[in-house]
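The values are calculated or read from the model by the stated rules, or taken from the named source; none is laboratory data. Owing to the predicted nature of the structure, the values given are computational and were not obtained by experimental measurement. Glycine also receives a Cβ, built like all others from the backbone with ideal geometry; neighbour counts cover every protein chain displayed. Heavy atoms of the whole protein, side chains included, go into the accessibility calculation; ligands, DNA and RNA do not. Shrake-Rupley method; radii C 1.70, N 1.55, O 1.52, S 1.80 Å.
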Amino acid sequence: MRASTTPPFGARFVVPLLIGPVLNPVNTTMVSVALVPISAALGVGSSTVVWLVAGLYLASSIAQPTMGTLADRFGPRRTYLFGLAVVVVAGVVPLVSATFAGVLVSRVLIGIGTSAAYPSAMTMIRDQSARAGVATPPALLSAVSIAALATTAVGPVLGGFLVGSFGWPAIFVVNVPLAGLALVLSWLWLPGDDTRPASRLLADPGRLDVVGMAGFAVTTTAVLVFLLDLASGYWWLLAGSVLVGALTVRWELRRTAPFIDLRMLRRNGALTRTYLRMMLLYFGFYSMTYGYSQWLQDVAGFSSERAGLLQLPSAVLAGLASVLVARSTRLRAPLVAAGVLPTLGGALLVLTDAGSPVGFLLVVAGCFGIAQGLASVSNQAAMYRQAPPETTGAASGLSRTFVYLAAIGSSALVGLVFGQRPTDAGLHLMGGVVALSCLGALALAVGDRTLARRTPAGVG
């Protein structure tokens, strides 16, 4: 029979599985070099265009754990195919409506669609292992992590090429062939959801914590609007977000299946520290990605294509660092280095101005690139070691939510420090905030004794 001769984790399973999870990271960073052209073409300021970043992450922070629940109950293949179809539609929207509203809708749809990929892929890998009666290859789990990291780092380079060659709509349209290819290959090659009937979710719709999702969305959106438009003095909005946030926390603590498991975070201090470390570091990484790219174009005078190329060495360093640390059994040393380097990078941003030589600009970007490579694999390994085995899926989804919260915060920071237009002074302020954030991550790594224990190679 065909099933007996086809390797359970051969190319027909792995290839479509890896395309989907890279769509979210590449879209999150690819837009960084397109913000200035979009701002000019659509006539909106920096504080408005940054919503293209915040919108995707806000959608992703809610959709990621939601899609994980759908994958568990409705089936990972069905959820995966649904997400890919949404991404295809999202890529066409800016061609139909070349307005800021149309572009924002596209980004939100991309966030929702791509959020299905990671939890669905993890669930399909687990199901395939059980189906074949073999252990999950550690190399496959590492490949998912490293592929996502590599595309995150390469995003600005790809975005710069697309914008320079075809214009800013290309960064949206490119999703059509990418997601379309994954959709076709997944439909043809990935095994069906034979253990999860399509009616399972409908039998227990209460499993989805809609109230928790809504409370989280309202709280986060209100805080973002307040931060991105401080001049308007929307203090009532901030007060409302605090109230809704408090009510949401109370609701989540009483739910048996909450949207965000606060009880688990309270019990598991080591895992909570890992989440906080990830949030502080990624706040710095994404602030650098979005703020630095805008500054390179608007202040330093580089084109979108050259701004992307200036971050290529950083992408290469991130990839090399992630591959090297993936084989290590140590956690504390790489995580300490991941805190030191971006702290130094933030300090260097304070010294950066429009006259800084290219070599200096490359060094600044390199500090963040190496740190991201170290942090991505090592924090994920720490998370898998610290999370209870029975909650690995939920813990993985929650880790992504913390990363998305960091990205949302970075969007607010960029909007605050740059306002309508990037400046040297705004870059210096951003660098100081980033340095403090990464210094906090460094303190968490140095002070966490659980990281001193070694973890098996290949975990995560």
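Below is a table of values for the structure above.
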{"item": "Globularity ratio of segment 276-434, using Cα Rg and 2.2 N^0.38 Å", "result": "1.07"}
{"item": "q = 0.10, 0.11, 0.12 Å⁻¹, segment 15-126: log10 I(q)/I(0) [Debye, one scatterer per Cα]", "result": "-0.30, -0.35, -0.42"}
{"item": "Accessible carbon and sulfur surface of the chain relative to its total accessible area, %, 1.4 Å", "result": "70"}
{"item": "Probe 1.4 Å, accessible area per residue of segment 271-391, Å²", "result": "35"}
{"item": "Net +/- balance of residues flanking G164 in space, Cβ distance below 15 Å, scoring K and R +1, D and E -1", "result": "0"}
{"item": "The chain, Cα convex hull volume normalised per residue, Å³", "result": "136"}
{"item": "Where trypsin sites (Lys or Arg not before Pro) in DSSP loops with at most 13 other Cβ within 10 Å are excluded, longest remaining stretch of the chain", "result": "1-326"}
{"item": "Theoretical gain in end-to-end length, A354 to L253 [0.36 nm per residue, Cα-Cα removed]", "result": "31.4 nm"}
{"item": "C-alpha center-to-center spacing [segment 13-75, segment 78-107] in angstrom", "result": "10"}
